[in-house]
Amino acid sequence: MFRILILFFVFFTLGSCSSPEGTWGWYVIDPSTKAGWTNIKFLVGGFYSTILLSIIAAFLSIFIGLVVALPAMSDNKLLKLFNRVYVEFIRSIPLLPMLFWVFYGLPVILKSMGIDANIDAFWGAIITLAISDSAFTAEIYRAGIQSISKGQTEAAKTIGLNYYQTMRYVIMPQALRRILPPLANQFIYIVKMSAFASVIGMQELTRRANEIVVTEYRPLEIYTLLIFEYLILVLLISFGVRYLEKKLGSNESANS
Amino acid sequence: MKNTFAVEIQGLTKSFKDFKALNTIDLNIKHGEKVVICGPSGSGKSTLIRCINGLEDFDEGKISISGNPQNPTKESFVSDFHIGMVFQQFNLFPHLSVIENLKLGPMKSLGLSEKDAETRARKLLERVKIPEQALKKPNQLSGGQQQRVAIARALCMEPKLMLFDEPTSALDPEMISEVLEVIVDLAREGMTMVVVTHEMGFAKKVADRIIFMDGGSIVEQNSPGMFFKKPQTARCKKFLKQILHH
């Protein structure tokens, strides 16, 4: 992994030295010049929105996902249907159209209901990411919970635990270790998909890169930096999750 | 006494799709009685006892627990006449220590304080002869020890009736006796129990009555003495011949 990174780096830097035509122009983000430093500060400043957006969206998605997943395990056919319809419907909407719908369409609906809510780019992006992702987190929860043997629920029932207690003390603690790795995957997905927020004017990493590209006209260098910015974010998440997995014991194979 | 029966079953019928698991079962179990149920696999033994404590719903018939009629849906539960259950696969909670497995029910369901639950749990671990394993995780114990923990966990709820669903079938042969010993002790103390098992030696020693099931019906029932000496039906004779040969 690290070796590949170095390879990329060498490739790009050598590229800048060896081409007399000046295909590479790293000066746009050269921190030793004033203009370059200003550009870098502007680009890196996008981290704030990207991170904040992703974290809030991920938390909402984890919560909504659970609320959507639990009815799937009920004996009630209507509740099951709700789960299926939600998952299939939300899962089938591409992120970009949903973003447009939430940002441009939802305020109209709210207004017709007498709610004068202005959805700004930040919350528009969060709502879209959270809902779009919740269909996937719901399926992850379902798989995780259903992987716990039925005998656990039955044993809990025979010692008098109700549904909530069974979930809280018996099923979820076991399911969580299995759910965590795929949930982390979804978090990475959210971070990457947050780039779409640039389309509705959210000042995150991608939007800022686009703005500098328009003024400087050096797309190659700036988008290269952009890719590395996302790479750093995703690697940080990966390390964080590894640590959590070790703490929870997700990396051990199940033994029950 | 008004309720002479711990369990009253009338015309109990249950199907899984096309398969008739239970076919009009009638069975009354007295307080303090020890009933052993045997029969070939798929004969409905497990389904029968799982209907008694509401783990399985049923299609027709009536079940009363200590005089209280049960709802045929799975939601049904008796609170003041608690029914404990021991499973073939133990079903201990693998993420909790032994003592936590025991304390969970009394604390969350009966509302006991942590201290009282701990005292009760320790006492029961003594009784199943593994007090020293309290802080271990279930998967660190042998099968026999795990099953004894499972029995203790059920007893923690102070049940009036204990159901055992093939408690020794998943155990290595050398561990069967240590689990049976605990169940025999329990029987001597007067616990009402229904045990599904193939351990005929155990049945002889403990049972007040042995029930032979086949094809979802009770084919034969008798006292252990008569049951082994003079089986009435051909099916029962054949079954006994097969299992007693081992």
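The values are calculated or read from the model by the stated rules, or taken from the named source; none is laboratory data. Everything quoted here is computed from the prediction, not taken from an experiment. Glycine gets a Cβ as well: all are built from the backbone with ideal geometry, and neighbour counts include every protein chain shown.
Numerical summary
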{"read-out": "Number of the exception - A:I93 against (1) surrounded by 15 or more Cβ atoms within 10 Å (Cβ to Cβ); (2) away from every other protein chain (no Cβ under 14 Å); (3) in a helix (DSSP H, G or I)", "value": "(3)"}
{"read-out": "Residue within the range A:188-197 that is among the polar types (S, T, N, Q) and either surrounded by fewer than 20 Cβ atoms within 10 Å (Cβ to Cβ) or closer than 18 Å to A:I29 by Cβ (or both) present", "value": "no"}
{"read-out": "Test for A:G114: is it surrounded by fewer than 20 Cβ atoms within 10 Å (Cβ to Cβ), of a type outside the set (D, E, K, R) and outside any helix (DSSP H, G or I)", "value": "yes"}
{"read-out": "Unmet criterion (only one of (1) assigned to a helix (DSSP H, G or I); (2) more than 14 Å from chain B (Cβ to nearest Cβ)) for A:I119", "value": "(1)"}
{"read-out": "Checking A:F196 against (1) away from every other protein chain (no Cβ under 14 Å); (2) in contact with a strand residue (DSSP E or B) (Cβ under 6 Å, 6 or more places away or on another chain), the condition it does not meet", "value": "(2)"}
{"read-out": "Candidates B:D165, B:D116, filtered to the one that is surrounded by fewer than 18 Cβ atoms within 10 Å (Cβ to Cβ) and at pLDDT 95 or above", "value": "B:D116"}
{"read-out": "Any hit, the range A:154-173, residues being touching a residue at least 12 places away in the same chain (Cβ under 8 Å) and within 30 Å of A:F100 (Cβ to Cβ)", "value": "no"}
{"read-out": "Residue within the range B:173-186 that is free of Cβ contacts under 8 Å to residues at least 24 places away in the same chain, of a type outside the set (S, T, Y) and buried (at least 21 other Cβ atoms within 10 Å of the Cβ) present", "value": "yes"}
{"read-out": "Test: residue in the range A:127-143 that is touching a Phe, Trp or Tyr at 6+ places or on another chain (Cβ under 9 Å), of a type in the set (F, W, Y) and on the phi < 0 side of the Ramachandran plot", "value": "yes"}
{"read-out": "Entirely in the range B:22-112, the strands (runs of 3 or more DSSP E) that have 1 or more residues that are more than 10 Å from chain A (Cβ to nearest Cβ) and touching a residue at least 60 places away in the same chain (Cβ under 8 Å)", "value": "B:34-38, B:60-65"}
{"read-out": "Per-region count, the range B:200-235, residues among the basic types (K, R) and assigned to a loop (DSSP other than H, G, I, E, B)", "value": "1"}
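This table checks each residue for (1) more than 14 Å from chain B (Cβ to nearest Cβ); (2) more than 28 Å from A:D120 (Cβ to Cβ); (3) aromatic (F, W, Y); (4) in a helix (DSSP H, G or I).
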{"site": "A:T153", "(1), (2), (3), (4)": "no, yes, no, yes"}
{"site": "A:T166", "(1), (2), (3), (4)": "no, yes, no, yes"}
{"site": "A:V170", "(1), (2), (3), (4)": "no, yes, no, yes"}
{"site": "A:R177", "(1), (2), (3), (4)": "no, yes, no, yes"}
{"site": "A:N185", "(1), (2), (3), (4)": "yes, yes, no, yes"}
{"site": "A:N210", "(1), (2), (3), (4)": "yes, no, no, yes"}
{"site": "A:T215", "(1), (2), (3), (4)": "yes, no, no, yes"}
